[in-house]
1. What number of residues in the range 76-99 are surrounded by 10 or more Cβ atoms within 10 Å (Cβ to Cβ) and small (Gly, Ala, Ser)?
2. Restricting attention to the range 44-68, and to residues there that are buried (at least 17 other Cβ atoms within 10 Å of the Cβ) and without any contact (Cβ under 8 Å) to a residue 40 or more places away in the chain, which single residue is farthest from LEU103 (Cα to Cα)?
3. Just one of GLU110, GLU75 is within 10 Å of the chain's Cα centre (by Cα) and not aliphatic (A, V, I, L, M); which is it?
4. Can you tell me which residues in the range 69-96 are under 16 Å from LEU42 (Cα atoms) and in contact (Cβ under 8 Å) with a residue 40 or more places away in the chain?
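Rule-based calculations on the coordinates, nothing more; no lab input. If you're wondering where the values come from, they're calculated on a predicted model, not measured in any experiment. Every residue, glycine as well, gets a Cβ built from its backbone with ideal geometry; the counts of neighbours run over all protein chains shown.
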Amino acid sequence: MGLLNSSRCNNKEQGIETPIKRVLIKAIPAHYIKVPQVKDTLVKCLGWSVGCKDGCGAMLPVSSLEYIQTHWYTEPYSCSGGDYWNMGEGQFICTACGTKNSLYERPAVEALKCKFKNVKDDYTRH
């Protein structure tokens, strides 16, 4: 079984791989065809920034990771300007080494948000 990249997420530098499992099904007696069966998408632990050496390189199934959606705070201004929260970058914690992975430079991984095990909102003020 080989690893192939999904055509929609052909971003190897962002650390995405979608393994394909090939199975045989019986179509007509004595004739078999191969049907690809997509397995869980894998995301690589690259660490805080693409190209940095702080990630362990482990390939992790997206469905086992928690997506952390950060938010940043805007303080009130003038007499009528209220305070509010803005949506920030996505992050996940590597289950192999514990490194926080920033997804600011990895939009293809951010696009997989709905495939993560769950989404946790982080409203931390800095």
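1. Total meeting the criteria: 4.
2. LEU60
3. Result: GLU110 is the single residue among GLU110, GLU75 that is within 10 Å of the chain's Cα centre (by Cα) and not aliphatic (A, V, I, L, M).
4. Once the filter is applied, which keeps residues that are under 16 Å from LEU42 (Cα atoms) and in contact (Cβ under 8 Å) with a residue 40 or more places away in the chain, the range 69-96 yields PHE92, CYS94, ALA96.
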